Amino acid sequence: MSLANTVREHFVAEFGEAPAFIVRAPGRVNLIGEHTDYNDGFVFPLAIDRAAWIALRPRADASVFAISLDMNERRQLALDDLRRPAELTWMDYLAGVAWALTERGYALRGWEGVLAGDVPIGSGLSSSAALELAAARAFQCVSGFQWDAAAMALACQAAENEWLGVKCGIMDQMISAAGLPNRALLIDCRSLETDAAPLPEGTAVVILDTGTRRGLVDSAYNERREQCEAAARHFGITALRDIDSQTFAARAHKLGALSRKRARHVVTENDRTLRARDAMNDGDAARLGQLMIESHISLRDDFEVSSPALDAIVDCANADDACYGARMTGAGFGGCALALVNADGAASFVERVSACYIAATGNQPTLYVTRACRGAETVYP
Ligand code: ADP
Ligand code: MG
């Protein structure tokens with residue numbers, strides 16, 4: 001049964017009538033443009049066909065009552081008395097969104113409903129952004145304000161940063177808010193301008209979850225950030241976004257060897273990300289795949305944020321005939337890679353790459369064929 005039907009049926013069983021609204025908001029995966037966001041650079045995510053869904057109806061009082069089917073819990077919050085508890089729960093994603101929207105001047109009304117999702121939690125596909133944007137849609141349905149994707153993304157990012165206390169850039173919320181079918185979204189992380197580009201016809205995106213989770217990530221992430229900032233200071237620029245790869249190549253010899261590698265990844269990755277847009281607009285899957293392969297090599301050798309598991313699954317994918325290109329995605333040190341493959345060969349690709357990766361590492365991977373889907377929307381009525 002589809003999740004739309006699941007939340008609808010549970011809603012009817014609980015509330016004795018059909019829901020007034022059903023909303024959904026997707027998770028995401030980043031096609032190319034890694035560790036570029038905090039350098040004011042470019043990212044290129046797509047919204048995936050896994051989402052958080054809410055069936056709901058308005059409430060007369062200023063409260064939200066929600067049933068999470070995945071957590072098997074019911075929780076309530078008072079919109080006129082929002083508090084950040086010591087121990088955060090899934091309801092705090094809703095509370096944080098309510099808080100951020102209220103701060104921005106939206107007058108919110110209450111609602112009650114049933115929530116379920118199929119974005120795997122904690123595997124790097126941003127189930128949290130999906131939940132936040134679904135909550136924003138739910139508030140919009142009952143409160144009747146205009147939906148502005150960028151404004152909603154910024155509010156949900158503020159919820160994640162300030163209510164949940166999780167540092168993240170704008171990518172996850174922006175793509176969950178503004179994703180389009182069969183399109184990836186180039187996001188300029190400085191201006192927040194977006195530009196949608198079509199995935200090449202006849203291709204599919206496969207998410208390759210290594211089954212390993214990042215350990216080192218926080219300290220290594222902070223170290224990389226500092227190295228990038230130091231390199232920008234060296235060049236007398238605001239961020240590494242402000243130097244092109246030719247100028248960088250001419251001037252990089254004055255940087256220390258380690259800073260040079262770190263900065264080279266960011267500068268060349270921004271360049272690859274912009275070239276990926278051209279490849280997509282030309283419908284050139286081979287060129288897009290080659291840029292993904294180069295992105296992985298740069299993340300592995302220059303930025304040094306890959307891992308043996310990520311390298312193994314990427315190598316298995318790239319060796320496969322159906323694959324145009326594969327790379328690690330997300331912060332690194334574990335988690336997911338993704339591959340651009342021939343759509344007709346996607347199912348057998350999944351079989352072969354799973355077997356190859358198990359043979360190489362002994363780990364159990366999870367592979368999903370996905371497609372680019374629309375961002376947060378009201379699907380009913
Ligand atoms: P991710 O990498 O998937 O975004 P996070 O740790 O950022 O992982 O967010 C996961 C949290 O979001 C969960 O612990 C839960 O509180 C909330 N969440 C995500 N999806 C759901 C869901 N379908 N139902 C209830 N809570 C969810
Ligand atoms: Mg998250």
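Numbers for the structure displayed
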| quantity | calculated |
| --- | --- |
| Mean projection area, nm², convex hull over Cα of the stretch 44-145 | 7.1 |
| Under Karplus coefficients 6.51, -1.76 and 1.60, residue-wise ³J(HN,Hα) of the stretch 366-376 in Hz, glycine/proline x | 10, 10, 10, 7, 10, 9, 6, 10, 5, x, 3 |
| Using alpha-carbon coordinates, inclination of helix 346-361 to the longest axis of the chain, degrees | 70 |
| Mean-position separation - Cα centroids, the stretch 167-191 and the stretch 134-151, in angstrom | 17 |
| Table column - 3J(HN,Hα) (Hz), the stretch 253-265, Karplus curve with 6.51, -1.76, 1.60, x for Gly and Pro | 4, 7, 7, x, 4, 5, 4, 4, 5, 4, 5, 4, 4 |
| Euclidean distance between Cα centres, the stretch 51-112 to the stretch 216-272, Å | 41 |
| Residues with amide H under 5 Å from that of Ala51, placed H, sequence gap 5 or more | Gly27, Asp118, Val119 |
| Nearest-10 value in Å² for the accessible area of Arg59, using the 1.4 Å probe | 60 |
| Percent of beta bridges antiparallel (DSSP, the stretch 29-148, rounded to nearest 5) | 75 |
| Neighbour cut-off at most 15 other Cβ (10 Å), DSSP loop, chymotrypsin sites (Phe, Trp or Tyr not before Pro), the stretch 327-375 | none |
| Accessible surface of the chain [probe 1.4 Å, protein heavy atoms]: carbon and sulfur percent | 46 |
| Stokes-Einstein translational diffusion, the chain - Kirkwood Rh over all Cα pairs, 0.890 mPa s, 25 °C, in µm²/s | 115 |
| Principal semi-axes in Å for the stretch 199-370 [√(5λ), Cα gyration tensor, largest first] | 30, 20, 11 |
| Candidate residues Glu87, Glu9, Glu132, Glu351: accessible-area rank, largest first, probe 1.4 Å | Glu87, Glu351, Glu9, Glu132 |
| Computed [θ] at 222 nm, deg cm²/dmol, the chain (DSSP H ≥ 4; -39,500 (n - 2.57); rounded to nearest 500) | -13000 deg cm²/dmol |
| Degrees, to the nearest 10: 127-143 long Cα axis against longest axis of the chain | 40 |
| Accessible area of Arg287 in the full protein assembly, 1.4 Å probe (Å², nearest 10) | 90 |
| Residue-level accessible surface for His253, protein heavy atoms, 1.4 Å, Å² | 120 |
| Solvent-accessible ranking of Phe235, Phe15, largest area first, probe 1.4 Å | Phe15, Phe235 |
| Solvent-accessible ranking of Glu160, Glu201, Glu103, largest area first, probe 1.4 Å | Glu201, Glu103, Glu160 |
| In order through the stretch 236-250: 3J(HN,Hα) via Karplus (6.51 cos²θ - 1.76 cosθ + 1.60), integer Hz, x for Gly, Pro | x, 10, 5, 8, 5, 3, 8, 10, 8, 5, 5, 4, 4, 4, 6 |
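The values are calculated or read from the model by the stated rules, or taken from the named source; none is laboratory data. Because the structure is predicted, anything quoted here is derived from the model rather than measured. Note that each Cβ is placed from the backbone with ideal geometry, even for glycine, and that neighbours are counted across all protein chains shown. In case anyone asks, the SASA skips ligands and DNA or RNA and just uses the protein heavy atoms, side chains included. Shrake-Rupley method; radii C 1.70, N 1.55, O 1.52, S 1.80 Å.
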